[in-house]
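Colleague: Before I ask anything, here is the structure I am working with.
The values are calculated or read from the model by the stated rules, or taken from the named source; none is laboratory data. Predicted model only: the values in this text are computed from it and were never measured. Every residue, glycine as well, gets a Cβ built from its backbone with ideal geometry; the counts of neighbours run over all protein chains shown. When the accessible area is computed, the model is the full protein with side chains, heavy atoms only, and any ligands, DNA or RNA have been set aside. Shrake-Rupley method; radii C 1.70, N 1.55, O 1.52, S 1.80 Å.
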Amino acid sequence: MKDNRGVVIYIGKAVNLRSRVNSYFTKAARLDRRTADLVPEIVDLETIDTESEVEALLLEARLIKDTQPRFNSELKDDKSFPYLQITTNEDFPRIEFTRTPKLKGTKLYGPFTNAKKLRGAISVLQKVFRFRNCTLDIEENDEKWRWFRPCLLHSINQCTAPCNLRITKEEYKKDIKHLRMFLDGNKKKVLKDLMKEMEEASKELKFEKAARLRDQIKSLENLNLRGDIEEHAQPEVFYIDPKKGVEGLKRVFKLDHLPRRIEGMDIAHLQGGQTVASLVQFIDGLPFKHGYKRYKIRTVQGIDDFASMREVVSRRLRRLEQEGEPFPDILLIDGGKGQLNAALSAMRAIGVDPPFTISLAKREEEVYVPGESEPRRLSRHSYALRLLQYVRDESHRFAQHYHHLLHHKHTFDE
């Protein structure tokens, strides 16, 4: 948006341009001080088409940073706004969402206007460039990483698993180079480079590398087909330091390894009729939204939380076993001793070696552990308990959301 001198005074983005422009001329807009000040000064409006919402988000941030529009002034220097941060001083650079950017050893993009959309964009870009976003300090010449178990992101093709040295430092840095080119607005150059690398790999009979590059090209070309980036956004607010929470769980339960993948389960009822269950995943102490699942309980009539828990635990672990996927490091059941025993009996019934399974009771925040007659009462201020509460509360929220969706559908059908 430009004033009568042709100076850019505001930059924004919109999926629906007509709707966005109309929003500036409503009664509510006239009452909003910023909009009321802006609209009288608009003399001209220029638009730039982008191929996807991700590219629009990145272009908006670049243009605001370059032109410093007066009505985008709150983004000029305010470090509380979100940034995309790429580490530059590591063998395998990390991509991070941050509100406190580091001034050394990083390449920064932003600030961005919307934290949720930035998280969604990072998640979409991870499907294309398969970078890591964990906090591991990985060095290529450290042999211990050859025995490290990659997290779920590798299993679902969203990370090349440098933590297990499944990609060389040089190849990984090529992916990060292409990501940076894309973030700088050079999508066509990225596609051209990838095509050239794929052809060279094919000529050298490196078919696995060529196939990976082919998939990357296809993902990048189809970036605009991925829908609303808010669907991909990870939850924004973390109530605890995730790293300390994970370390606390290892210490409290005397685990052999850091519990990198935690899954939480909960049961909810639709007006005493339909029973549903939720499963949420946390990786490295943070919610991993793409790993969330919902279940309709099939084999249980009426309200029976224990039987429902047995069913959903059986279905989940049997599926993981059939697909050759690892079990979670911790399986957290929402409830008390009865719910925990129901989960354990389900594992015995299908003959699997159970993961470390515990339950968290709401009333007294007591933790039930297999083989222990009395529940544990962790310090209310401990990072371990707060992470378990976060997983439990997120599984409950997700179950209730499914409950509400089904309730709405049931009411609408009637």
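Colleague: Name every residue in region 160-185 that is assigned to a loop (DSSP other than H, G, I, E, B), open to solvent by 10 Å² or more (accessible area, probe 1.4 Å) and either touching a Cys at 6+ places or on another chain (Cβ under 9 Å) or not polar (S, T, N, Q) (or both), in order of residue number.
Modeller: LEU165, ARG166, ILE167, ASP184, GLY185
Colleague: Sticking with this one: In region 355-388, what residues are at pLDDT below 90 and either in a helix (DSSP H, G or I) or of a type in the set (Asp, Glu) (or both)?
Modeller: GLU364, GLU365, TYR383, ARG386
Colleague: Next up: In the list ILE64, ILE48, which residue meets the criterion of being among the β-branched types (Val, Ile, Thr), under 30 Å from ASN222 (Cβ atoms) and open to solvent by 90 Å² or more (accessible area, probe 1.4 Å)?
Modeller: ILE48
Colleague: When residues of region 291-330 are filtered for being closer than 19 Å to PHE356 by Cβ, open to solvent by less than 20 Å² (accessible area, probe 1.4 Å) and of a type outside the set (Gly, Ala, Ser), how many remain?
Modeller: Result for region 291-330: 8.
Colleague: Could you tell me whether any residue of region 254-277 is open to solvent by less than 40 Å² (accessible area, probe 1.4 Å) and among the polar types (S, T, N, Q)?
Modeller: yes
Colleague: Mind checking which residues of region 228-262 are more than 14 Å from GLN389 (Cα to Cα), at pLDDT 90 or above, part of a helix (DSSP H, G or I) and in contact with a helix residue (DSSP H, G or I) (Cβ under 7 Å, 6 or more places away or on another chain)?
Modeller: Of everything in region 228-262, just one residue is more than 14 Å from GLN389 (Cα to Cα), at pLDDT 90 or above, part of a helix (DSSP H, G or I) and in contact with a helix residue (DSSP H, G or I) (Cβ under 7 Å, 6 or more places away or on another chain), namely VAL252.
Colleague: Taking region 121-146, which residues are touching a helix residue (DSSP H, G or I) at 6+ places or on another chain (Cβ under 8 Å), open to solvent by 50 Å² or more (accessible area, probe 1.4 Å) and either among the charged types (D, E, K, R) or part of a helix (DSSP H, G or I) (or both)?
Modeller: Correct list: LYS127, GLU139, GLU140, ARG146.
Colleague: Hey, another quick one. Could you tell me which numbered condition LEU118 fails, if it satisfies all but one of (1) open to solvent by 10 Å² or more (accessible area, probe 1.4 Å); (2) out of contact with any helix residue (DSSP H, G or I) (no Cβ under 6 Å at 6 or more places or on another chain); (3) part of a helix (DSSP H, G or I)?
Modeller: (1)
Colleague: Among what's in region 345-362 and is closer than 21 Å to ALA399 by Cα and free of Cβ contacts under 8 Å to residues at least 40 places away in the same chain, pick the residue that is surrounded by the most Cβ atoms within 10 Å (Cβ to Cβ).
Modeller: SER359
Colleague: Name the residues in region 280-323 that are closer than 12 Å to ILE267 by Cβ, of a type outside the set (Asp, Glu) and part of a loop (DSSP other than H, G, I, E, B), would you?
Modeller: ILE297, VAL300, ILE303
Colleague: Scan region 144-192 residue by residue and report those that are among the β-branched types (Val, Ile, Thr) and modelled with pLDDT under 90.
Modeller: Passing the criteria: only ILE156.
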